[in-house]
1. Once every DSSP H run of n ≥ 4 in the chain is given -39500 (n - 2.57) and the sum is divided by its residues, what mean residue ellipticity at 222 nm do you get, rounded to the nearest 500 deg cm²/dmol?
2. Highest mean first, what order results for 194-206, 34-46 on Cβ atoms within 10 Å?
3. Are there trypsin sites (Lys or Arg not before Pro) in region 100-152 that DSSP marks as loop and that have at most 16 other Cβ atoms within 10 Å, and which are they?
4. Beyond 36 Å, what share of the Cα-Cα pairs of the chain remains, rounded to the nearest whole percent?
5. Would you please give the residues with an amide H less than 5 Å from that of residue 201, counting only those at least 5 places away or on a separate chain, with H modeled from the backbone geometry?
6. Hydropathy first: keep DSSP H helices in the chain averaging at least 0.5 on Kyte-Doolittle, then drop any whose Cα extent along the axis falls short of 27 Å, and list what survives.
7. From zero up to wherever the largest Cα-Cα distance of region 132-241 sits, split into 10 Å bins and tell me the percent of pairs in each.
8. With unit charges on the beta carbon (Lys/Arg positive, Asp/Glu negative), name the residue among 125, 161, 104 whose Cα is farthest towards the positive pole of the charge dipole of region 9-169.
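Please treat every number below as a calculation from the coordinates, not as lab data. Everything quoted here is computed from the prediction, not taken from an experiment. Note that we place each Cβ from the backbone using ideal geometry, even for glycine, and neighbour counts take in every protein chain shown.
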Amino acid sequence: MQNRSPHDAAALLDAVEQSPKAVAVHDKSAWVGLFAPDGQVNDPVGSTPHVGAAAIGRFFDTFIAPNSIEFDVQHDVVAGMSVLRDLTVYTTMSTGVTMRIPMHLRYDLIAEGPDSSPRIQRLFAHWELQTMIGQLLRSGGRGLLASVILGPQLIRHQGLSGCAGFLRGLAGVRKRGKARVVELVGALAQAETATVSSLLAPNATLSADGVSETSVAEFVSTAQHLEVEKLLSAGRTVSATVHLDGRRGVGLFEFSRNAADRGAISAVRLYI
């Protein structure tokens, strides 16, 4: 864990850790209260965000309240006012089936109130919805029953538009995005600046620390020994567990929404 925050890293980590604690005891008011008034939940990334206390409360009712959820955190990184978590989430649904969900979480925090205590402004949960659905359907009768129950829960708490917004999480860059990230890492290993540039969108954002931006040439020099594993595709972002010069962190590789740059990487942020 590295601290590049003007605020105390321990305070940011403690604020983030309150989330799994509230989830474990199903304390809705405590969990919703962790967010800023304009806070948002992107879970999974690519689905429609839940913005504001009321929407975040409905998210809790839909996806947290009926289930037992355990967070197995392997690594944390603090960068500026963001906390990145590399973890696996175990979700036991009402029928007793347990889902194992590899995940990367990004919490963007803001200092609010008279004591400037950190609150969550944005939560991004990077995990693969299509993989989770496949795991659920392969879990036998209890998995099938859980999927049958989930539909009415979604409609009751989210409405039809909310259901459609959730299913947007099935779209994204998927395997082709992961392949492009692997190609980028290979070009970095060979210090092929021209190839790296060809994989990036014009004016792509590059950061080797999750805070400051750098040029393509500087990024190639800094990230030449980058290694990636646990690649997850969520929406237009591929997240990865990254290793660089003996340090571990989380990398976020965002893909362009511009049709002219389709398939190009528009941002690379390494939180190490």
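1. Helix contribution divided over all residues of the chain: -11000 deg cm²/dmol.
2. 34-46, 194-206
3. Filter output for region 100-152: 138.
4. Value for the chain: 15 percent of Cα pairs lie more than 36 Å apart.
5. Counting only residues 5 or more places away or on other chains, the set is 265, 266.
6. 140-167
7. P(r) for region 132-241, in whole percents per bin: 12, 31, 25, 16, 15, 1.
8. So the residue we want is 161.
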